[in-house]
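Written out below as structure tokens is the structure these notes cover.
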Amino acid sequence: MINRFNRRQLISAAAATGGGAALNAMLPGWARSASSGIARSLETLSGPEIALTIDHTPWRIDGRVGHAVTINGTIPAPIIRIQEGRKVRIAVTNRLNEDTSIHWHGVLVPFQFDGVPGVSFPGIRPGETFVYEFPIKHAGTFWYHSHSGLQEQMGHYGPLIFDPAGPDPVAYDREHVVILADFSFMHPHMIAKRLKQQAGFFNFQKQTLASLLAGQDQPLKDRLTWAKMRMDPTDISDITGSTYTYLVNGHGPEDNWTALFKPGERVRLRFINAAAATNFNVRIPGLPLTVVQADGNNVRPVKVDEFQIAIAETYDVIVTPTEDRAYTLVAEAVDRSGLGRATLAPREGMVAAVPPLRKRPLATMKDMGMDMSDMNGMPGMDHSSMPGMDHAAMPGMDHSKMGGVEQASMPGMDHAASGMDHGDMNMRDPRNAPTVKMGPGVQTISPMPKDRTGEPGQGLEDVGHKVLVYTDLVALDPNPDPRPPTRTKEIHLTGNMERFMWSLDGQKFSEVKAPIPFRTNERVRVVLVNDTMMSHPIHLHGHFFEVVNGHPGHHPRKHTVNVAPGGKVTFDLTADAPGDWAFHCHILYHMHAGMMQVVSVRPLTGDAP
């Protein structure tokens, strides 16, 4: 694949075939010379009555036409912009030959208008029109998308902007909505089929004999250990740039969507990750980013050089370009198999250099929930009481390198023979997760999950500049409910990566007998434990929750939180919205495979849940 070429090989090939034009044709899409630039604003709809039509539409991306599901004929759908405190009626007409829906992501709506077929309403049948009606209770950046089948992957998503009723605490001169996504010319049901047949079908970045001989990636002993465990440290994303084109506002890297500014302006960029299966690392080389809002809620400004935006999250940032030149907006896929690219410029047609893809990350033992560098500080973790945990006899267990690939060289980690048992570090020990229903869909249980909210995302540990982490986020306003939680609910994110099976507490959605119960207005501390080696962006409908990150009273309020591999995230929830609400991983194919349940909020009757 062309992505494996280095720059010297590409330049040599170009010279042999006729120079720059040939070189441009050989480059991957994100690195090719761009068109003159597209300084087109997204269509905006406003007012108390809005009409949306969902239909099939051919859509051109980087010169190639594919099949899309669009709203009002565009990808992304039009911006819906309404002022806080107003009411809106949105009539949605279905022109597809299958049912559809719209979920208003992060928006506090009555449950019957939440838009989840089979949970809050039956869906919108072909040829029918359904009218959503709800008040706008809050300001911020949000988005909307299908909750039917895999339509979201095909372009069925759009931005929501709710302007504050009073003065906006964020000062800016100009704004642009930047909605990131992934698009494949392969039908999403075929993608799902390929993943089920072979979970690593789209992973073209596996370690090779050539990389071993070149001294790259892991040494042979570590590779053999991972092979024994039947796990692949390059398995960062299910679906990669081998089939995906990464989009900015519906445009591929060659299309080079362009946003304009005047030097010296404060420009507000409203980032939305509407991807089906891709977390993005976002940066604008040469421009610092000041994060002012997360998931539609204002935070104290924090200056960074880069941030990871998980699927379904939103971040508002302020940039102040002072030079009369173009800047490249980079949205690099977390596995670094490709990137989305756009340009921020004073004039249309300007371009800036596109940085090369960085080295792709590798999973470590920490991503298995086995970060043994913290064992001394864990209650009950007495090394002397752990059979087989003789560190002197464990090649590669150099604690100075914990967190790197050297941890992987652990003899005895034979997944097939012992359930991944290493002394007491059994990754199939049900005692570590008594609420999990063990079965073929649960490949591992993290023996030592840790809070990783203070860490940057995978591959961002050593980039040499400031990366946003969850512990940087401090709510601008005090949290509205100061009551302490009255109980704790632990939920495990479970899966079998080899068989592409995904679930919550070991049960896929079709197997769940009853919803997760909450009493109306109770305060609950929810602990999400990731027992898998992949990140999971978890979304709760109908509510904001406070991510517990060390800023009591000003914990950031979010609707989606990314749980790192082998990690855990704690949030406090006030269950103040009666009804039935979806609760799921926002990787579309994980939800489709069963990583979803329903949260039921009801008044207290009889025994407490």
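The values are calculated or read from the model by the stated rules, or taken from the named source; none is laboratory data. Just so it is clear, the structure is predicted and the values come from calculations on it, not from any experiment. Counting neighbours? That spans all protein chains shown, and the Cβs are built from the backbone with ideal geometry, glycine included.
Overview of values
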quantity: Number of the exception - VAL527 against (1) in contact with a Cys (Cβ under 9 Å, 6 or more places away or on another chain); (2) without any contact (Cβ under 8 Å) to a residue 60 or more places away in the chain; calculated: (1)
quantity: Matching entry among ARG525, ARG557 (being over 22 Å from VAL119 (Cα atoms), among the basic types (Lys, Arg), under 19 Å from the mean Cα position of the chain (by Cα) and at pLDDT 95 or above); calculated: ARG557
quantity: Test for ARG64: is it farther than 29 Å from THR141 by Cα, charged (D, E, K, R), at pLDDT below 50 and exposed (fewer than 15 other Cβ atoms within 10 Å of the Cβ); calculated: no
quantity: Segment 248-261 - residue that is modelled with pLDDT of 95 or more and either on the phi > 0 side of the Ramachandran plot or among the hydrophobic types (A, V, I, L, M, F, W, C) (or both) and, of those, surrounded by the most Cβ atoms within 10 Å (Cβ to Cβ); calculated: VAL248
quantity: Residues being without any contact (Cβ under 8 Å) to a residue 40 or more places away in the chain and closer than 20 Å to PHE509 by Cβ - total across segment 100-152; calculated: 6
quantity: The lone exception for GLY155 - which of (1) touching a residue at least 60 places away in the same chain (Cβ under 8 Å); (2) at negative phi it fails; calculated: (2)
quantity: Subset of segment 27-58 [modelled with pLDDT under 95, surrounded by 15 or more Cβ atoms within 10 Å (Cβ to Cβ) and farther than 16 Å from PRO76 by Cα]; calculated: LEU27, PRO28, GLY29, TRP30, ALA31, ARG32, ALA34, SER35, GLY37
quantity: Considering residues of segment 97-121 that are in a strand (DSSP E or B) and touching an Asp or Glu at 6+ places or on another chain (Cβ under 9 Å) only, the residue farthest from ASN273 (Cα to Cα); calculated: PHE121
quantity: Complete set of residues in segment 544-584 that are closer than 30 Å to ASP335 by Cα, of a type in the set (Asp, Glu) and surrounded by fewer than 23 Cβ atoms within 10 Å (Cβ to Cβ); calculated: none
quantity: Hits in segment 478-501 (condition: acidic (Asp, Glu) and farther than 26 Å from ARG519 by Cα); calculated: GLU498
quantity: Pairs with Cβ under 8 Å, 6+ apart, first in segment 312-330 and closer than 30 Å to HIS147 by Cα and modelled with pLDDT under 95, second buried (at least 19 other Cβ atoms within 10 Å of the Cβ) and of a type in the set (Lys, Arg); calculated: none
quantity: Segment 124-156: number of residues that are over 22 Å from PRO110 (Cβ atoms) and either surrounded by fewer than 22 Cβ atoms within 10 Å (Cβ to Cβ) or of a type outside the set (S, T, N, Q) (or both); calculated: 8
quantity: Index of the failed condition, LEU493 passing every other in (1) touching an Asp or Glu at 6+ places or on another chain (Cβ under 7 Å); (2) assigned to a loop (DSSP other than H, G, I, E, B); calculated: (2)
quantity: Among residues of segment 307-347, those that are of a type in the set (D, E, K, R) and crowded, with 20+ Cβ neighbours inside 10 Å, counted; calculated: 6
quantity: Odd one out for PHE130 among (1) closer than 17 Å to ALA277 by Cα; (2) of a type outside the set (S, T, N, Q); (3) in a strand (DSSP E or B); calculated: (1)
quantity: Residues being in a strand (DSSP E or B) and over 17 Å from LEU493 (Cβ atoms) - total across segment 574-587; calculated: 4
quantity: The one condition in (1) within 29 Å of THR243 (Cβ to Cβ); (2) surrounded by 19 or more Cβ atoms within 10 Å (Cβ to Cβ); (3) modelled with pLDDT of 95 or more that ILE80 fails to fulfil; calculated: (1)
quantity: Residue that is at pLDDT below 95 and over 19 Å from ALA433 (Cβ atoms), where the choices are PHE500, PHE544, PHE518; calculated: PHE500
quantity: Residue tally, condition in a loop (DSSP other than H, G, I, E, B) and either at positive phi or in contact with a helix residue (DSSP H, G or I) (Cβ under 6 Å, 6 or more places away or on another chain) (or both), over segment 45-96; calculated: 6
quantity: Any hit, segment 596-607, residues being touching a helix residue (DSSP H, G or I) at 6+ places or on another chain (Cβ under 9 Å), crowded, with 19+ Cβ neighbours inside 10 Å and not in a strand (DSSP E or B); calculated: no
quantity: Test: residue in segment 555-572 that is closer than 20 Å to GLU152 by Cβ, in contact with a Gly (Cβ under 8 Å, 6 or more places away or on another chain) and part of a loop (DSSP other than H, G, I, E, B); calculated: yes
quantity: Residue match in segment 499-511 (condition: within 20 Å of ALA199 (Cβ to Cβ), part of a loop (DSSP other than H, G, I, E, B) and in contact with a strand residue (DSSP E or B) (Cβ under 8 Å, 6 or more places away or on another chain)); calculated: yes
quantity: Of all residues making up segment 143-192, the number that are of a type in the set (A, V, I, L, M), assigned to a loop (DSSP other than H, G, I, E, B) and over 21 Å from ARG266 (Cα atoms); calculated: 3
quantity: Single residue of PRO515, PRO537, PRO478 found to be under 25 Å from ALA333 (Cα atoms) and either in contact with a His (Cβ under 9 Å, 6 or more places away or on another chain) or touching a residue at least 24 places away in the same chain (Cβ under 8 Å) (or both); calculated: PRO537
quantity: Residues located in segment 460-481, provided they are surrounded by fewer than 16 Cβ atoms within 10 Å (Cβ to Cβ) and of a type in the set (Asp, Glu); calculated: GLU461, ASP462, ASP477, ASP481
quantity: Residue among ASN426, ASN479 that is assigned to a loop (DSSP other than H, G, I, E, B) and modelled with pLDDT under 95; calculated: ASN426
